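The values are calculated or read from the model by the stated rules, or taken from the named source; none is laboratory data. Because the structure is a prediction, the values reported are computed rather than measured. Neighbour counts are summed over all protein chains in view; Cβ atoms, including those assigned to glycine, are modelled from backbone coordinates with ideal geometry. Side chains are part of the model used for accessible areas, which takes the heavy atoms of the whole protein and leaves out ligands, DNA and RNA. Shrake-Rupley method; radii C 1.70, N 1.55, O 1.52, S 1.80 Å.
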Amino acid sequence: MKKPVKNWLLASTVATLLAAPTVSTANSDLEKLTQDPANWASWGGDYAGTRYSKLSQINTQNVKTLQPAWSFSTGVLRGHEGGPLVVNGVLYIHTPFPNTVYAIDQNTKAVLWEFTPTMDADVTIPVMCCDTVNRGLAYGDGKIFLQQSDTVLTALDAKTGKRVWSVQNGDPKLGMTNTNAPIVVKDKVITGISGGEFGVRGFLAAYNIRTGQLDWKGYSMGPDKDTLINPTKTTAWKDGKTQVVGTDSGTSTWKGDQWKIGGGTTWGWYSYDPKLNLVYYGSGNPSTWNPVQRPGDNKWSMSLWARDADTGEVKWVYQMTPHDEWDYDGINETVLVDQEVKGKLHKTIVHFDRNGFGYTLDRETGELLVAEKFDKSVNWASHVDLKTGRPEVVPEFSTEAHGEDVNTVGTCPAALGSKNQQPVSYSPQTGLFYISGNHLCMEYEPFEVTYTAGQPYVGATLSMMPAGADAITGKKDGTTNLGQFTAYDAKTGKIAWSNKEQFSVWSGSVATAGGVVFYGTLEGYLKAVDAKTGKELYKFKTPSGIIGNVNTWEFQGKQYVGVLSGIGGWAGIGIAAGLDDGSSSTNSEGLGAVGAYRSLSSYTKLGGTLTVFALPN
């Protein structure tokens with residue numbers, strides 16, 4: 001039975017800037033900036049995406065005295081994801097569509113320059129999944145890089161805000177948009193593409209940092225010449241060892257030409273290991289959400305990737321959720337940390353997937369080391385077989401086994417995952433990762449859908465509800481919290497501690513040498529907890545719900561903590577897009593988020609604000 005597509009949601013200090021370095025030093029320049037904790041020069045704080053700061057002025061003893069120091073209204077409603085960059089004393093922030101960029105003088109709190117691109121709202125906004133968010137800016141080579149919603153990648157002069165170059169990265173008329181933060185690697189700026197819910201085929205693209213010329217582009221699926229997979233060199237984990245993937249692995253697990261509209265988009269975060277010269281990221285859900293319509297493993301959607309930064313060639317790839325049946329999009333961040341696992345030191349990559357499993361792999365080889373649930377309410381799979389690398393699916397929660405037009409009930413996590421895009425942080429002091437999490441289950445009914453270019457290609461109706469189970473034990477307890485903030489040991493797969501939150505924690509966290517971890521809540525609280533114990537040490541209610549990432553930096557000898565508030569994103573789409581009429585008839589709007597988060601409107605309202613915190617003088 002075909003069903004109509006629902007309204008689905010998815011509706012001065014300038015002089016202190018570095019003189020523009022030569023192209024060949026862009027990479028080392030950025031590395032040097034990220035090693036100085038006074039800066040916050042990339043989305044993850046460093047290439048490894050640890051979101052850890054060596055600053056310790058604010059610590060477990062004095063954080064209780066933290067105060068808002070100043071604030072700045074962005075002038076834009078809708079969800080504010082991402083976070084501020086700070087480069088040599090200048091602070092750069094961004095907004096959701098229309099993607100205005102502000103450079104702010106921290107001395108005077110004055111706007112040094114602002115840039116708002118020209119975009120066609122009528123073409124772009126209707127094809128933006130999950131609110132009109134943008135996850136942030138990148139810096140390198142004396143430029144600020146903005147990935148616009150309409151897929152245009154723009155390079156701005158960091159001193160003046162003048163556009164240096166721009167390039168079209170996709171076509172919104174085909175459902176392509178962009179929400180990701182780019183990353184600068186060597187002489188390239190690397191970006192992805194959004195639109196899995198429109199049948200867009202995902203890719204990662206590298207553009208010359210000076211000219212905007214395309215250097216390489218690697219698709220998530222398709223023939224080897226498209227994916228840049230080398231069939232005799234690229235490896236994947238299989239039968240307890242890494243093996244070459246063979247010819248055209250990106251088409252052989254698809255029916256006919258379905259891979260051409262197969263999803264696997266790349267709207268998350270990208271990491272880089274300069275010594276291995278590898279770029280790491282995850283690819284998203286296969287299209288459509290109806291698994292019955294796309295038999296096979298649907299490689300390489302839902303996968304972790306390691307690509308050579310110079311050529312884009314794939315070193316290794318690992319698929320987390322073969323033949324996804326639940327929209328467990330695999331785009332979450334990849335954190336690069338060296339750790340001892342099972343008695344051997346590895347260069348590891350750690351990834352907390354929407355499917356509820358935390359994965360630890362050797363980032364040189366792609367060897368699977370650990371795969372454990374970081375929220376024990378997860379029930380769609382009993383475990384991941386470390387030998388095959390595949391999850392053991394529980395038939396009761398298989399949406400394909402039940403078939404089209406049948407409602408599969410009680411699957412955990414919900415489609416928005418045990419964790420969504422909000423990046424984790426890692427503290428070398430504790431050896432723990434800090435996970436901003438969701439704690440929901442869902443009902444999921446797939447239905448037949450026909451692909452039309454530029455139109456939604458979803459094929460499922462959802463509703464969501466609290467998990468009602470303990471995140472550490474998995475035992476049913478009738479609780480109604482929708483969020484968890486969890487500390488996890490990726491060496492062993494053990495949960496160290498987990499705090500309940502009334503709503504999902506949609507904010508990225510930051511861990512500091514002061515022994516404190518900061519994160520934001522959907523109601524709008526900036527919170528600080530003890531990194532060792534999880535004890536809450538501080539909270540302050542900002543003007544709107546927080547889905548942005550907390551960052552920290554130093555200016556004139558003082559440590560600051562800053563975060564964008566502004567409710568929206570998938571969890572807040574009911575408020576941001578006005579999808580909620582207050583009745584149960586809209587429960588499944590926003591792909592199930594509206595009903596689950598209805599009470600959020602009692603706690604917060606729209607409005608974008610940067611709030612900066614510091615200790616009192």
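Only one of ILE183, ILE193 is farther than 23 Å from ILE261 by Cβ and modelled with pLDDT of 95 or more. Can you tell me which?
The conditions single out ILE183.
Taking the conditions exactly as written (within 17 Å of LEU482 (Cα to Cα) and of a type in the set (A, V, I, L, M, F, W, C)), does VAL594 satisfy them or not?
Yes: the conditions hold for VAL594.
Scan region 183-207 for residues that are in a loop (DSSP other than H, G, I, E, B) and β-branched (Val, Ile, Thr) and report the count.
So the count comes out to 2.
Looking at (1) part of a loop (DSSP other than H, G, I, E, B); (2) open to solvent by 30 Å² or more (accessible area, probe 1.4 Å); (3) closer than 23 Å to ALA571 by Cα; (4) not hydroxyl-bearing (Ser, Thr, Tyr), which is the only condition LYS491 fails?
All conditions pass for LYS491, except number (3).
What pairs come up if the first residue lies in region 110-134 and is on the phi > 0 side of the Ramachandran plot, the second is surrounded by fewer than 24 Cβ atoms within 10 Å (Cβ to Cβ) and small (Gly, Ala, Ser), and their beta carbons are under 7 Å apart, counting only those six or more places apart or on different chains?
Matching pairs, first to second residue: ASP131/ALA577.
Within 21 Å of the chain's Cα centre (by Cα), among the β-branched types (Val, Ile, Thr) and open to solvent by less than 30 Å² (accessible area, probe 1.4 Å): does that describe THR521?
Judged against the criteria, THR521 is a match.
So for region 470-478 (the condition being open to solvent by 50 Å² or more (accessible area, probe 1.4 Å), over 30 Å from PRO126 (Cβ atoms), in contact with a Pro (Cβ under 7 Å, 6 or more places away or on another chain) and not in a strand (DSSP E or B)), does at least one residue qualify?
No, region 470-478 contains no residue that is open to solvent by 50 Å² or more (accessible area, probe 1.4 Å), over 30 Å from PRO126 (Cβ atoms), in contact with a Pro (Cβ under 7 Å, 6 or more places away or on another chain) and not in a strand (DSSP E or B).
Condition check ((1) closer than 16 Å to THR321 by Cα; (2) surrounded by fewer than 24 Cβ atoms within 10 Å (Cβ to Cβ); (3) not aromatic (Phe, Trp, Tyr)) across all residues:
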site: THR227; (1), (2), (3): no, no, yes
site: ASN230; (1), (2), (3): no, yes, yes
site: ALA236; (1), (2), (3): yes, yes, yes
site: THR242; (1), (2), (3): no, yes, yes
site: VAL245; (1), (2), (3): no, no, yes
site: ASP248; (1), (2), (3): no, yes, yes
site: LYS255; (1), (2), (3): no, yes, yes
site: GLY264; (1), (2), (3): yes, no, yes
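Taking the options GLY508, GLY514, GLY548, GLY534, name whichever one is over 22 Å from TRP70 (Cβ atoms), of a type outside the set (D, E, K, R) and either in contact with a Phe, Trp or Tyr (Cβ under 7 Å, 6 or more places away or on another chain) or in a loop (DSSP other than H, G, I, E, B) (or both).
Just one listed residue meets the conditions, GLY534.
Restricted to region 372-402, and to residues that are hydrophobic (A, V, I, L, M, F, W, C) and within 16 Å of ALA236 (Cα to Cα), which residue is surrounded by the fewest Cβ atoms within 10 Å (Cβ to Cβ)?
Top of the filtered list is LEU386.
Is region 284-306 home to any residue that is touching a Pro at 6+ places or on another chain (Cβ under 7 Å), assigned to a loop (DSSP other than H, G, I, E, B) and open to solvent by 10 Å² or more (accessible area, probe 1.4 Å)?
Within region 284-306, one or more residues are touching a Pro at 6+ places or on another chain (Cβ under 7 Å), assigned to a loop (DSSP other than H, G, I, E, B) and open to solvent by 10 Å² or more (accessible area, probe 1.4 Å).
May I ask you to list the residues in region 333-357 that are surrounded by fewer than 23 Cβ atoms within 10 Å (Cβ to Cβ), in a loop (DSSP other than H, G, I, E, B) and of a type in the set (D, E, K, R)?
If the condition is that a residue be surrounded by fewer than 23 Cβ atoms within 10 Å (Cβ to Cβ), in a loop (DSSP other than H, G, I, E, B) and of a type in the set (D, E, K, R), then LYS342 is the only one that fits.
Can you tell me which residues in region 314-332 are among the hydrophobic types (A, V, I, L, M, F, W, C), closer than 20 Å to GLY49 by Cβ and in a loop (DSSP other than H, G, I, E, B)?
Once the filter is applied, which keeps residues that are among the hydrophobic types (A, V, I, L, M, F, W, C), closer than 20 Å to GLY49 by Cβ and in a loop (DSSP other than H, G, I, E, B), region 314-332 yields MET320, ILE331.
Among GLN213, GLN168, which is closer than 29 Å to LYS275 by Cα and surrounded by fewer than 22 Cβ atoms within 10 Å (Cβ to Cβ)?
GLN213
Just for region 436-451: of the residues that are hydrophobic (A, V, I, L, M, F, W, C) and open to solvent by less than 10 Å² (accessible area, probe 1.4 Å), which one is nearest to VAL517 (Cα to Cα)?
Residue satisfying both the conditions and the ranking: LEU440.
Might you let me know whether region 415-432 holds any residue that is open to solvent by less than 10 Å² (accessible area, probe 1.4 Å), basic (Lys, Arg) and either at positive phi or in a loop (DSSP other than H, G, I, E, B) (or both)?
Among the residues of region 415-432, at least one is open to solvent by less than 10 Å² (accessible area, probe 1.4 Å), basic (Lys, Arg) and either at positive phi or in a loop (DSSP other than H, G, I, E, B) (or both), which makes the answer yes.
Would you list the strands (runs of 3 or more DSSP E) that sit entirely within region 208-256 and hold 2 or more residues that are in contact with a strand residue (DSSP E or B) (Cβ under 8 Å, 6 or more places away or on another chain) and among the charged types (D, E, K, R)?
Filter on region 208-256 gives 214-219.
Would you mind stating whether GLU501 is modelled with pLDDT of 95 or more, under 21 Å from the mean Cα position of the chain (by Cα) and more than 26 Å from ILE93 (Cα to Cα)?
Criteria met by GLU501.
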